[in-house]
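Report on one structure; see the data block that follows.
The values are calculated or read from the model by the stated rules, or taken from the named source; none is laboratory data. In this text, all values refer to a predicted model and were calculated from it rather than measured experimentally. FYI the Cβ positions are ideal-geometry reconstructions off the backbone, even for glycines, and counts take in every protein chain you see. The protein model used for the area step is the full one, side chains on, heavy atoms only, and it has no ligands, DNA or RNA in it. Shrake-Rupley method; radii C 1.70, N 1.55, O 1.52, S 1.80 Å.
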Amino acid sequence: MLIETTAGELKTALAALKPVIYRRNCIPVLGAVLLKDGAVTGTNLDLEIRIKFAAKRFEGSAAIPFFQLLDLVGGLPQKTKLRLQDTDRSGYGVFVTFAGGRYYLPSYPAEDFPEWTVKDDDLQEMASPDGLLEALKTCQPFISTEETRYYLNGVCFSRDQEGNGVIVATTGHHLIAYQYAHDCQDNPILPRLALPALLGLAQPERVMRGDKQMVFHLPGGNWLKSKLIDGTYPAWTRVVPDLPADAAELKISPREFLGVLGRMKLASRNGSWRAVDICANASGDLVVVTCKGSDGEECAERLDKGTAENWSRMSNSIWSASSTYLMEICRLSRKVDELVIRGTESNAPVYFSHEGSKALMVLMPVRNGNEFTRKSLLTLARSGDNDADAAAQVA
């Protein structure tokens, strides 16, 4: 084997493989990368990434320990000329040489490196890649990490009630369905671990689908291959509420709400808060957020940009939700001026959406609600009219 390139070219290619290679491996060769045919390839048997890099000469092949090679070339100036060459020692190994330096690294036989054999005839194009990375990035916080329900540990290429293509992710407590046109009919599930790798690469040029894998063709002849989760995704459309036209509606500023939630988290000792209550007065011009800490802390704030409509439909006039999931949704929506929350009653799921959004977000309620929330309406009322409304709510 003989490869002549620069430290910068090799380092850039190696860095793209980092998400699929682990420092600890039961199979030693999985801690190595394969240099072959003008490219470097890494795999963990569930994902495979192949990245080409510029080389003056590229002859033969070798499997070299990844982290040793990355740490070595990462410490060199970008334009340093490198030579990787077989040794004449017994066994396997390579010399990495550059001006003023010569390193010996162990290696493995190239034929021992596991390579996927996916035939193009076994694949079919499943979607336009436009907008794929944005969809995956938005859905990523909604993916479950629960091992018991392993089929939730990824994003599902599914269809909504109208038959439109969507990418769905859920933890069972909150859910997102992001509009994305595709041709899948059988709900394939792309594993969670494929997303960080994909999001660190360029926008795919083609997305191909087989029975048990997806292949993302990248610019420059590169690719990422991923196995699919072998499982059945739950019928998520059943939990999406069918809301009437006069459903209760709450309009908030996600940036303001995120600030309120952040202050409440700091005020609650050791961040012990778990749920918050949202309550509005009868006229809908006063919206209050409250929470109680485990050591008796009480937090209440009025949303200056919060308004409500048809709030009387919300049983008990209080809606309670997980503070953590609310913060995630507000972070995703922080660039918009107004986030709309719609629901029918306190113990039912609610919609989150905003103008121009491709995503439908659903959050399950939690059991909370207390007299402190009702009294906070009266305490934080902004006018005499609101005082009367709050007093009526408390009564």
Dividing the helical contributions, -39500 (n - 2.57) per DSSP H run of n ≥ 4, by the residues of the chain yields a 222 nm value, nearest 500 deg cm²/dmol, of -5500 deg cm²/dmol
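FRET efficiency for residue 128 and residue 379, Cβ-Cβ distance as r, R0 = 56 Å, nearest 0.05?
Efficiency, from the Cβ-Cβ distance: 0.55.
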Which trypsin sites (Lys or Arg not before Pro) in the range 1-94 pass both tests, a DSSP loop state and at most 15 other beta-carbon atoms within 10 Å?
23, 24, 56, 79, 89
If you keep only loop residues by DSSP, which GluC sites (Glu not before Pro) in the range 39-137 have at most 14 other Cβ atoms within 10 Å of their Cβ?
115
Order 171, 379, 237, most accessible first, counting only protein heavy atoms with a 1.4 angstrom probe.
379, 237, 171
What is the projected area of the convex hull of the Cα atoms of the chain, averaged over all directions, in nm²?
23.8 nm²
May I ask which of 305/375; 265/305; 227/251; 36/212; 265/335 have a Cα-Cα span longer than 31 Å here?
227/251
Longest to shortest principal axis, alpha-carbon extents of the range 125-270, angstrom:
51, 36, 32
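Roughly speaking, to the nearest percent, how much of the chain's 1.4 Å accessible area is carbon and sulfur?
Answer for the chain: carbon and sulfur cover 46 percent of the accessible area.
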Report the label-to-label distance for residue 211 and residue 104 in nanometres (one decimal), using points 7 Å from each Cα along the Cα→Cβ vector.
4.8 nm
Degrees, to the nearest 10: 323-332 long Cα axis against longest axis of the chain:
70 degrees
The distance between the Cα centres of the range 332-359 and the range 74-141, in whole Å, is 43 Å
